[in-house]
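Have a look at the structure below, then the notes.
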Amino acid sequence: MEEQKIENIELKYLSVDDFKELKETTLEVYGGMKDSVWKKSEIKRLTTIFPQGQVVIKIDGVIAGCALSLIVDSEKIEDAHTYNDIVEGEKFKNHNPDGEVLYGIDVFIKPEFRGLRLGRRLYDYRKELCEELNLKSIVFGGRMPGYHNYQKEFTPKQYIEKVRRKEINDAVLNFQISNDFHPVRVLKGYLEGDTASNEYAVLMEWDNIYYTKERRKASTVKTVVRLGLIQWQMRPYKNLDDLMEQVEYFVDSVAAYRSDFAVFPEFFNAPLMAEYNHMHEPDAIRELAKYTKTIIEKLQQLSISYNINIISGSMPEVVDDKLFNVGYLCRRDGSLERYEKIHVTPDEARVWGMQQGNELKTFETDAGKIGILICYDSEFPELSRLLADEGMDILFVPFLTDTQNGYSRVRLCAQARAVENECYVAIAGSVGNLPNVNNMDIQYAQSAVFTPCDFSFPNNGIKAEATTNTEMILVADVDLSLLRELHSFGAVKNLKDRRKDVYNVIRVKE
């Protein structure tokens, strides 16, 4: 194409005054097909009911491209439909300003201006409009102009797959896919007279990651969440009251920074076992389990009084005479939920007779959807993958490790979980020594907050980390909106690119 000298290019709302030129341009684009030409009454109606949805690109005052659209209810696109079902005559009765979906009804670029990426400008405008109006998505029936060459060999579905794999070149479909639109379903008999596509179309969709469904009551879910990790010092305590005094001190400290979460480590109450050190280890930890109910009740009170969500780390708990490693999420609204350690370590099973838990779930909070895995569980990627599939934003890992080897396993696996599940991971551990408690002699920890590794996050995936083996709190902010962007626009898309046709992670139903 000969290089064009362009002095001015602008994107403008379509006006009825543009109709004559628009008609001539449309005839040129669609090869003189009169059925493809819009009527003046239709343009007047469109520009009246939805002026923002009708735009043209003008180059040096001449129409070079056009994009027309409506807003429709989402149920209009859930089933098979035709172009006429959406447009429905000159009145455009399916346009609903309160709908959730922006439906593209026409887009074209004048032949002499192709190659200037004007189509991308029109698509970008639609995306901006979709976000501005808080619409769920953009959809349209995409033509398959090359399909008539392959209709005897492939079904429409097979044709689309081959285009996606670059085995067949379809300029229209390739352009739409490259602009982040994905195929939803094949539409038969979509556009009457479209012989090039054999009257088939593929419903293409672009998801607005910023869409928020309107609620009857105001949403209190935050986008920037402040995490408060407590790197707990193991030390002797006289009794439960003495231990809870230290617990409240840390909750108070973390809450003073207006943190949304206070996170305690695994078995942070282990110092209370000192009183039972003369007992056989399985008996001593069962004595410790007798404190769990009282500690949780006190944490529940603290979460309300200090207005902070508390993750209790973990504690031993006896259920039906079986010993489990469990923790509780104490929300600041007073509600309480329990989680279990799914994989107990060989040492927990051998020394204490600890049983493996079975319950795995995500938790809704006023600061995002979270998951909690206790220590060793973080080393099994299937668990966090299931939580990610449920929409987890932040994974909390309360842990207890005695050596740097054990700590490194937890840390490295936690970092991997952040990358592969496109989420934040916060780990909180204990430090110090307990020489008067059998099987709990030494601890090694460096609490930290990990992120995915992409442009919006730290290059090394480390948001913040505590000083190794020092009692302290670690406070860090994480932005949940960055995760939404990552899911759709990351350099790589670990969640979307999984080969579910080759492998999958599923729950075992009891």
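The values are calculated or read from the model by the stated rules, or taken from the named source; none is laboratory data. Nothing here was measured: the structure is a model prediction, and the numbers come from that model. Here the Cβ is made from the backbone with ideal geometry for all residues, glycine too, and neighbour counts use every protein chain on show.
For the reader, a short list of remarks on this structure follows.
- Counting only residues that are out of contact with any Lys or Arg (no Cβ under 9 Å at 6 or more places or on another chain) and under 23 Å from Leu227 (Cβ atoms), segment 255-274 holds 9 of them.
- Looking across segment 17-42, the residues that are farther than 15 Å from Ile109 by Cβ and either at pLDDT below 75 or surrounded by 15 or more Cβ atoms within 10 Å (Cβ to Cβ) (or both) come down to Asp18, Phe19, Lys23, Gly32, Met33, Lys34, Asp35, Val37, Trp38, Glu42.
- Some residue of segment 117-125 being surrounded by fewer than 19 Cβ atoms within 10 Å (Cβ to Cβ), aromatic (Phe, Trp, Tyr) and in contact (Cβ under 8 Å) with a residue 40 or more places away in the chain: yes
- Pair list, Cβ < 8 Å and 6+ apart or interchain, from segment 432-445 residues that are in a strand (DSSP E or B) to residues that are charged (D, E, K, R): Gly432/Arg235; Gly432/Glu471; Asn433/Asp441; Ile442/Asp402; Gln443/Asp402
- Residue that is nearest to Arg235 (Cα to Cα), among those in segment 449-479 that are among the small types (Gly, Ala, Ser) and in contact (Cβ under 8 Å) with a residue 60 or more places away in the chain: Ala466
- Just one of the numbered conditions (1) buried (at least 16 other Cβ atoms within 10 Å of the Cβ); (2) more than 18 Å from Ala414 (Cβ to Cβ) is not true of Gln443: (2).
- Among the residues here, Arg286 does not qualify as among the basic types (Lys, Arg) and either closer than 30 Å to Tyr150 by Cβ or touching an Asp or Glu at 6+ places or on another chain (Cβ under 7 Å) (or both).
- Among residues of segment 331-367, those that are farther than 30 Å from Val437 by Cα and in contact with an Asp or Glu (Cβ under 6 Å, 6 or more places away or on another chain), counted: 3
Okay, residues lined up against (1) in contact with a helix residue (DSSP H, G or I) (Cβ under 8 Å, 6 or more places away or on another chain); (2) in the same structural domain as Gln151 (by TED's automatic domain parsing); (3) of a type in the set (Asp, Glu):
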position: Leu191; (1), (2), (3): yes, yes, no
position: Gly228; (1), (2), (3): yes, no, no
position: Glu245; (1), (2), (3): no, no, yes
position: Asp260; (1), (2), (3): no, no, yes
position: Ala270; (1), (2), (3): yes, no, no
position: Lys290; (1), (2), (3): no, no, no
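- Residue satisfying all of: in segment 93-149; charged (D, E, K, R) and touching a Ser or Thr at 6+ places or on another chain (Cβ under 6 Å); farthest from Glu28 (Cα to Cα) among these: Glu100
- Every condition in (1) of a type in the set (A, V, I, L, M, F, W, C); (2) in contact with a Leu (Cβ under 6 Å, 6 or more places away or on another chain); (3) over 26 Å from Gly31 (Cβ atoms) is met by Val163 except one, and the failing one is (3).
Listed here are the residues, each with its yes/no results for (1) in the same structural domain as Glu471 (by TED's automatic domain parsing); (2) touching a Ser or Thr at 6+ places or on another chain (Cβ under 8 Å); (3) under 22 Å from Leu483 (Cβ atoms); (4) charged (D, E, K, R).
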position: Leu387; (1), (2), (3), (4): yes, yes, yes, no
position: Gly391; (1), (2), (3), (4): yes, yes, yes, no
position: Phe396; (1), (2), (3), (4): yes, no, yes, no
position: Asp402; (1), (2), (3), (4): yes, no, no, yes
position: Leu412; (1), (2), (3), (4): yes, no, yes, no
position: Val419; (1), (2), (3), (4): yes, no, yes, no
position: Ile427; (1), (2), (3), (4): yes, yes, yes, no
position: Ser430; (1), (2), (3), (4): yes, no, no, no
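- In this structure, Ser312 qualifies as in contact with a Phe, Trp or Tyr (Cβ under 6 Å, 6 or more places away or on another chain) and over 19 Å from Gln355 (Cα atoms).
- Residue within segment 411-426 that is buried (at least 17 other Cβ atoms within 10 Å of the Cβ), farther than 20 Å from Ile374 by Cβ and in contact (Cβ under 8 Å) with a residue 12 or more places away in the chain present: yes
- Taken over segment 270-299, the criterion of being of a type in the set (S, T, N, Q) and at pLDDT below 95 is satisfied by Asn277 alone.
- Looking only at segment 239-288, and only at residues there that are of a type in the set (D, E, K, R) and buried (at least 22 other Cβ atoms within 10 Å of the Cβ), the one that is nearest to Asn307 (Cα to Cα): Asp260
- Pair list, Cβ under 6 Å, 6 or more apart: segment 324-345 residue closer than 21 Å to Ile304 by Cα, other residue of a type in the set (S, T, N, Q) and surrounded by fewer than 21 Cβ atoms within 10 Å (Cβ to Cβ): Cys330/Gln300; Arg332/Asn307; Leu336/Gln300
- Residue in segment 200-217 that is under 32 Å from the mean Cα position of the chain (by Cα), at pLDDT below 95, under 28 Å from Thr468 (Cβ atoms) and of a type in the set (Gly, Ala, Ser) present: no
- Among the residues making up segment 270-292, those that are in a helix (DSSP H, G or I) and without any contact (Cβ under 8 Å) to a residue 24 or more places away in the chain are Glu275, Tyr276, Asp283, Glu287.
- Strands (runs of 3 or more DSSP E) contained in segment 293-392 and holding at least 1 residues crowded, with 22+ Cβ neighbours inside 10 Å and either in contact with a helix residue (DSSP H, G or I) (Cβ under 8 Å, 6 or more places away or on another chain) or basic (Lys, Arg) (or both): 309-311, 315-319, 322-330, 368-372
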